[in-house]
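J.: Structure in structure tokens, see below.
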Amino acid sequence: MNLQFSARSENESFARVAIAAFLIPLDPDLDALTEVKTVISEAVTNAIIHGYNGDEEGIVTLTAELDMDSGRIEIEVRDEGCGIRDIEEACQPLFTSKPELERSGMGFTIMDNFMDEMIIESRVGIGTTVKISKNFSKNNLMVH
């Protein structure tokens, strides 16, 4: 799946629904589905608010690949915004570059905790790509 959409806050819910629909073939349980949707929400919101500073002219790209044999999903959320100056600092719990917006600073922490793998690539003035993946085991798939 490859989606591109405007960096508008209302598109965060679109991204959540799109990833949920994409996961349907795996038949994940509600907890696992909620975790992935939450992660997408955090990543897309970060791209909009931090990558583009709320500039609706920006584009967010969401790509996902599903491996039905292994039950693994790989997702990328990419922006071409301002980039992250210090990724290590940005990943610290409670750190936010937008305290005036009352942001919790827990986005990357939530992403890291809910997914099996998270890689952040960013270049100042070029943009940021968040690569996340999750393995769906028999433990988080619905039993029929």
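J.: Please compute the modelled spin-label separation between residue 38 and residue 56, points set 7 Å along Cα→Cβ, answer in nm with one decimal.
T.: In this crude label model, residue 56 to residue 38 measures out at 3.0 nm.
J.: Same structure, new question: For the chain, which span is the longest to avoid every loop-located (per DSSP) member of GluC sites (Glu not before Pro) having at most 16 other Cβ atoms inside 10 Å? Kindly include the intermediate steps, with their values, before the conclusion.
T.: On the way: sites that count: 10, 56, 57, 102.
In the chain, the maximal stretch lacking such sites is 11-55.
J.: Quick one: divide the alpha-carbon radius of gyration of the chain by 2.2 N^0.38 Å and tell me what you get.
T.: 1.02
J.: Please give the length that would be gained between residue 126 and residue 29 if that part of the chain were fully extended, namely 0.36 nm times their separation in residues minus their C-alpha to C-alpha distance (nm, one decimal).
T.: Taking residue 126 through residue 29 to full extension adds about 31.2 nm, to one decimal.
J.: As I understand it, the value is the acute angle between the Cα axis of helix 11-23 and the longest principal axis of the Cα atoms of the chain; what does it come to in degrees, rounded to 10?
T.: That works out to roughly 20 degrees.
J.: Ok, one more. Return the long-range amide H neighbours of residue 59 (sequence gap of 5 or more, or a different chain), with a cut-off of under 5 Å between placed amide H atoms.
T.: 7, 80
J.: Starting with the fewest neighbours, write out 111, 68, 1, 118 ranked by other beta-carbon atoms found within 10 Å of each beta-carbon.
T.: Ascending number of Cβ neighbours within 10 Å: 68, 1, 118, 111.
Laboratory data are not the source of any read-out in this text; all were calculated from the coordinates shown. Keep in mind that this is a model prediction, so the values were computed, not measured. Backbone-built Cβ (ideal geometry, glycine too); neighbour counts: all protein chains shown.
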